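Down below is the structure, laid out as structure tokens.
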Amino acid sequence: MSVGTTLLLVCLAYLVIVLAIGAAAYRRTGRGSEAYFLGGRTARTLVLFMALLGTNVTPFVLMGIPGLAYHHGVGVFGLNAAIVALGIPWTFHAIGWPAWKAARRVGAITPAELFAERLGSPAVGVVLFIAFVVYTLPYLVTAVLGVGLAVSTLTHDAVSLPLAAALILVVTLGYTALGGMKATMWTNVFQGSVFMGFMVIAFFVIADDLGGLAAATEAVRAHAPQLLVKGERPMFAPGAWASWGLAISFTVIAFPHMLVRIFAARDVTALKNTCRLYPISLVLLWLPAVMFGVWGAADLPGLVGRESDRIFPLMVQAHLGPALQGLALAGVLAAVMSTLDAQLLTLGSMLSRDVVRRLAPALPERHEVAWGRAFVLALALVAYAIVLWRPASIFGLATFSFSGYVMLVPTMYGALHWRRMSAGGAIASILVGNAVLLGTMSLPAPPLGLLPVAWGLLAACGALLVGSWLGRPPAPAVIERALGPG
Amino acid sequence: MIAPLVARRLLSVALLALVVLHVAPPTVDDPAVLVLGWLPWDLAYPLLWMAAAALVVLFMTGAPWPDEPPPERQPPLPPAPPAGDP
């Protein structure tokens with residue numbers, strides 16, 4: 001059997017299983033918005049953990065990080081993976097858990113809806129909705145772009161990037177539109193197992209093919225020793241290191257598609273167990289991802305600029321047999337689809353709940369869902385157009401998104417912990433934070449060596465405090481309804 | 001059993017210590033230094049740091065984070081407001 005046929009068969013088997021799981025979830029999904037968008041808030045530990053991990057892990061990890069490590073070496077691991085092992089569980093505790101409780105109290109289905117209810121202001125919901133769409137779109141593009149690159153590389157361009165991107169969007173739209181949250185969470189369990197299992201297997205098989213772990217490192221020391229130390233690279237300078245750590249730790253809880261999955265947790269035990277499992281899973285994913293890039297720099301030298309985004313599939317092609325190549329492709333598909341489905345579903349739910357329902361309060365719930373589906377389709381078409389345009393590398397696109405999401409964190413944290421906070425403070429924080437972020441991004445070099453995200457976050461915190469002190473907090477009944485008795 | 005307030009303070013100290021150890025890591029600028037024969041120092045250190053972070057997360061999910069009864073044993077949720085209300 002040829003390599004191409006094996007790849008096709010493995011991928012077809014993967015897609016059939018995903019669609020079968022989606023169909024089974026569709027049959028068990030109840031009627032109404034809460035059942036469709038939150039799966040009835042019943043996710044226990046395994047489903048919640050895999051759904052959050054599956055949603056969190058994208059081609060940014062599987063394709064972007066090996067590509068970055070190819071040029072910048074092992075320091076990429078410390079820069080990205082280490083701090084999130086602490087940052088993500090802490091934000092689940094400090095923001096996710098109180099948000100879960102408040103969402104249950106007010107019956108909120110989307111993050112924008114929750115904060116609009118908490119602050120007694122539909123305008124907060126609209127501003128958050130716009131911010132979520134603006135920053136989710138480029139992040140969504142990284143997922144589709146990643147799968148397009150992987151498929152075109154592994155199939156030697158027999159399946160082109162545009163065709164692969166279109167196929168992934170169509171399949172994901174299919175099961176997401178039908179089965180809603182339950183379908184996406186159930187498929188995420190399978191998808192997470194596929195990409196995590198593949199990364200662990202591939203790490204040892206590729207190392208073995210390179211002569212063992214010690215020989216693989218020795219080859220890097222001989223050909224590109226600068227990759228085995230952090231060195232003096234600008235991205236590892238103290239200011240950039242600290243501010244990127246801040247960004248990558250705080251950004252995940254501000255992904256609307258992550259927070260919505262936390263809303264779907266059955267109880268606090270599921271969320272606690274998820275926090276406990278997170279650091280281990282990050283090591284299992286990120287260590288291979290970084291080493292593929294570093295080993296690849298010695299094994300397959302010569303990739304320039306964003307061409308290094310292809311190093312993961314190139315290493316797979318060079319060192320794994322046809323079946324594992326098929327599993328690699330399925331792994332990338334799984335990572336993409338498990339994020340894409342959550343992003344599409346969440347943005348769709350936000351349009352229907354935070355915009356359509358406000359404009360047409362008498363609209364039946366089934367029409368709300370229909371609006372959500374139509375919006376998701378439109379977003380997919382815009383994302384596809386940006387993929388074809390390909391304005392930046394995967395890491396570059398993700399950096400823009402991550403920095404933008406961080407500007408929402410002061411509003412989220414403040415609304416859940418500070419009863420004096422006002423809607424004016426929230427809107428000022430989001431607008432000022434984003435203005436400062438974009439302003440510092442346009443400078444040739446950000447001041448004091450800190451990344452734009454740090455300046456934007458500082459400005460967002462300041463605007464939140466000033467705006468809330470100048471404005472009036474919501475009525476006590478509104479605050480108590482969301483946060484409970486003070 | 002540690003009181004929740006004390007546990008939260010301990011957690012804050014542990015978090016601060018880990019952040020400092022992340023922002024100012026000890027560096028060994030020599031590619032020849034390998035841990036276990038294959039791990040460069042700048043990879044081994046963050047792995048050790050992650051092990052410490054995993055222990056802190058384990059602690060965080062204990063005393064500082066009180067358990068709550070499952071949904072079926074909690075009081076009923078307040079009624080939703082009429083559609084269209086802020």
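Numerical summary
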{"read-out": "Kirkwood hydrodynamic radius (C-alpha pairs) into Stokes-Einstein, the stretch A:231-349, 10 °C and 1.306 mPa s, D in µm²/s", "value": "91"}
{"read-out": "Backbone N under 13 Å from the residue A:26 label point (7 Å along Cα→Cβ), restricted to the stretch A:183-211", "value": "A:183-184"}
{"read-out": "Separation of alpha-carbon centers, the stretch A:80-113 and the stretch A:119-168, rounded to whole Å", "value": "22"}
{"read-out": "Average other protein chain Cβ within 10 Å of Cβ, residues A:209-219", "value": "2"}
{"read-out": "Most to least packed among A:260-269, A:18-27, A:240-249, A:360-369 [average Cβ atoms within 10 Å]", "value": "A:260-269, A:240-249, A:18-27, A:360-369"}
{"read-out": "When the convex hull of its Cα atoms is projected in every direction, mean area for the stretch A:319-414 (nm²)", "value": "9.7"}
{"read-out": "Debye log10 I(q)/I(0) at q = 0.31 Å⁻¹ for the stretch A:168-212, Cα point scatterers", "value": "-1.00"}
{"read-out": "Kirkwood-type radius of the stretch A:93-208, with distances r between different C-alpha atoms, in Å", "value": "17.5"}
{"read-out": "Chain A: relative contact order in percent, alpha carbon pairs under 8 Å with at least 6 residues between", "value": "32"}
{"read-out": "Compactness index (Cα Rg / 2.2 N^0.38 Å), the stretch A:436-486", "value": "1.70"}
{"read-out": "For the stretch A:339-486, Kirkwood radius (reciprocal of mean inverse C-alpha pair distance, Å)", "value": "17.8"}
{"read-out": "Helix A:161-209 axis, angle to chain A major axis (alpha carbon atoms, nearest 10°)", "value": "40"}
{"read-out": "Distance in nm between pseudo-label sites at residue B:16 and residue B:32 (7 Å out along the Cβ direction from Cα)", "value": "4.1"}
{"read-out": "Relative contact order %, the stretch A:156-301, counting alpha carbon pairs below 8 Å whose residues are six or more apart", "value": "35"}
{"read-out": "On Cα atoms only, tilt of A:423-441 relative to the major axis of chain A in degrees", "value": "30"}
{"read-out": "Shielding score for A:81-92, defined as the mean number of other chain Cβ atoms within 10 Å", "value": "6"}
{"read-out": "Kirkwood hydrodynamic radius over Cα pairs of the stretch A:363-449, then Stokes diffusion coefficient at 4 °C and 1.567 mPa s, in µm²/s", "value": "79"}
{"read-out": "FRET efficiency, residue A:385 to residue A:223 (Cβ-Cβ, R0 35 Å, nearest 0.05)", "value": "0.30"}
{"read-out": "Partner chain coverage, peptide A:267-274 - average Cβ within 10 angstrom", "value": "4"}
{"read-out": "Protection proxy ranking of A:62-74, A:415-427 - average other beta-carbon atoms within 10 Å, highest first", "value": "A:62-74, A:415-427"}
{"read-out": "Angle in degrees between helix A:268-299 and the longest Cα principal axis of chain A, rounded to the nearest 10", "value": "30"}
{"read-out": "Computed FRET value (nearest 0.05) for residue A:12 with residue A:378, which takes r as the C-beta separation and R₀ as 25 Å", "value": "0.30"}
{"read-out": "Tail beyond 32 Å, pair distance distribution of chain A (Cα, percent)", "value": "38"}
{"read-out": "Alpha-carbon centroid distance for the pair the stretch A:447-481 / the stretch A:321-362, whole angstrom", "value": "30"}
{"read-out": "Length-normalised contact order for the stretch A:342-441 - Cα pairs under 8 Å, 6+ apart - percent", "value": "22"}
{"read-out": "Hydrodynamic radius of the stretch B:1-56 per Kirkwood, over alpha carbon pairs, in Å", "value": "13.0"}
{"read-out": "Calculated diffusion of the stretch A:84-140, Stokes-Einstein form, Kirkwood radius summed over Cα pairs, 20 °C and 1.002 mPa s, µm²/s", "value": "173"}
{"read-out": "Largest-first ellipsoid semi-axes for the stretch A:1-141, taking √(5λ) over the Cα gyration tensor eigenvalues, angstrom", "value": "32, 25, 15"}
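Read the figures in this text as sums done on the coordinates, not as results from a lab. The shown structure was predicted, so the numbers you read here are calculated from the model rather than taken from an experiment. Cβ sites come from the backbone with ideal geometry, for glycine too, and all protein chains shown count toward neighbours.
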